[in-house]
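Below: the structure, in structure tokens.
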């Protein structure tokens with residue numbers, strides 16, 4: 001009886017051990033698979049993160065014979081209307097290519113001009129007869145390029161409703177080539193190729209990067225350096241954006257400027273030392289959106305812009321940009 005009981009106990013232990021092994025083994029496999037999967041994912045992520053960026057190197061294979069810094073014109077001024085459907089840019093061998101896709105119900109070639117504006121540091125593409133623009137770059141907005149001295153493409157504001165202006169910012173003077181191609185009836189490519197000029201080594205203070213209510217300033221050039229305000233534009237898309245076009249006779253085109261709120265909670269922007277301010281010549285007030293008015297005063301070499309109608313102290317940002325050369329005030 002005792003022997004039979006011992007045998008039964010051993011048999012039960014053996015069966016229990018076999019069941020434990022069969023149940024436990026798949027769990028061990030699953031755990032190992034999960035660990036292996038995790039390791040594979042980590043290796044793939046590290047490989048993607050460590051992939052070096054392709055360095056630019058001009059092969060010397062591009063013929064720049066037809067490139068020039070002279071003004072270039074396509075088509076003629078007519079009553080034809082065009083829609084800009086798309087803008088693509090891509091790096092080529094020694095130059096950057098900007099391709100605008102235009103459509104029309106007319107038979108004419110688009111009327112387009114490209115010219116280098118030395119004071120602004122841009123190659124400007126001027127489209128006439130435009131009824132619609134769908135590039136996705138809003139007015140006073142940009143698409144960065146930042147490659148070998150081609151900095152960005154900026155959508156400038158025009159006074160004419162059927163004119164669209166795009167400025168290609170370049171760090172140095174360069175040459176370019178404007179062409180067009182009708183790829184099917186009523187559909188055109190307008191192609192601007194801009195030779196890479198190489199990066200410029202200019203130490204420029206570009207002002208604030210954040211919005212605040214505190215005093216802000218930019219340390220730049222003065223009247224002795226030929227500091228000039230040549231024009232201004234403004235827009236309202238969520239915030240008020242006022243842009244001064246600036247120039248100088250030295251490498252740094254950005255003038256010294258400061259901003260602060262006075263005792264009446266008016267925002268005062270002062271350009272400390274300018275040779276010329278052509279905005280002041282327009283008049284002593286600038287009427288802006290949302291009932292905001294900028295009162296303009298010229299005191300010696302200084303230009304003072306006092307913004308009224310803000311109703312309260314608002315956050316703002318005073319900054320600058322190169323190519324096109326601008327001082328920018330944004331008010332929330």
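Within region 258-271, work out how many residues are surrounded by fewer than 20 Cβ atoms within 10 Å (Cβ to Cβ), farther than 17 Å from residue 315 by Cβ and in contact with a strand residue (DSSP E or B) (Cβ under 6 Å, 6 or more places away or on another chain).
1
Quick grid of which residues meet (1) surrounded by fewer than 18 Cβ atoms within 10 Å (Cβ to Cβ); (2) under 15 Å from residue 220 (Cβ atoms):
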residue: 274; (1), (2): no, yes
residue: 277; (1), (2): no, yes
residue: 282; (1), (2): yes, no
residue: 287; (1), (2): yes, no
residue: 291; (1), (2): yes, no
residue: 294; (1), (2): no, no
residue: 303; (1), (2): no, yes
residue: 315; (1), (2): yes, no
residue: 327; (1), (2): no, yes
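Looking at residue 281 and the list (1) assigned to a strand (DSSP E or B); (2) under 20 Å from residue 326 (Cβ atoms), which single condition is not satisfied?
If we test residue 281 against (1) assigned to a strand (DSSP E or B); (2) under 20 Å from residue 326 (Cβ atoms), just (1) comes out false.
Quick check on region 238-253. Is at least one of its residues within 19 Å of the chain's Cα centre (by Cα), at pLDDT below 95 and outside any strand (DSSP E or B)?
Yes: region 238-253 contains one or more residues that are within 19 Å of the chain's Cα centre (by Cα), at pLDDT below 95 and outside any strand (DSSP E or B).
How many residues are in a loop (DSSP other than H, G, I, E, B), over 15 Å from residue 271 (Cα atoms) and in contact (Cβ under 8 Å) with a residue 12 or more places away in the chain if we restrict to region 298-324?
So the count comes out to 9.
Go over the candidates 217, 235 one by one and state the one that is within 27 Å of residue 114 (Cβ to Cβ) and either modelled with pLDDT of 95 or more or under 18 Å from the mean Cα position of the chain (by Cα) (or both). Show your work before the answer.
Working: 217 fails: within 27 Å of residue 114 (Cβ to Cβ).
Going through 217, 235 in turn, just one is within 27 Å of residue 114 (Cβ to Cβ) and either modelled with pLDDT of 95 or more or under 18 Å from the mean Cα position of the chain (by Cα) (or both): 235.
Table: residues versus (1) touching a strand residue (DSSP E or B) at 6+ places or on another chain (Cβ under 7 Å); (2) on the phi < 0 side of the Ramachandran plot; (3) without any contact (Cβ under 8 Å) to a residue 60 or more places away in the chain.
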{"site": "211", "(1), (2), (3)": "yes, yes, no"}
{"site": "218", "(1), (2), (3)": "yes, yes, no"}
{"site": "238", "(1), (2), (3)": "no, no, yes"}
{"site": "244", "(1), (2), (3)": "yes, yes, no"}
{"site": "256", "(1), (2), (3)": "yes, yes, yes"}
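Among the numbered conditions (1) touching a strand residue (DSSP E or B) at 6+ places or on another chain (Cβ under 6 Å); (2) under 16 Å from residue 164 (Cα atoms), tell me where residue 69 comes up short.
(2)
So residue 77 fits all but one of (1) over 16 Å from the mean Cα position of the chain (by Cα); (2) surrounded by 15 or more Cβ atoms within 10 Å (Cβ to Cβ); (3) under 28 Å from residue 230 (Cβ atoms); what number is the exception?
(2) is the only condition that residue 77 fails.
The values are calculated or read from the model by the stated rules, or taken from the named source; none is laboratory data. As the structure is a prediction and not an experimental result, all values here were calculated from the model. Reconstructed Cβ throughout: ideal geometry from the backbone, glycine too, with neighbour counts over all protein chains shown.
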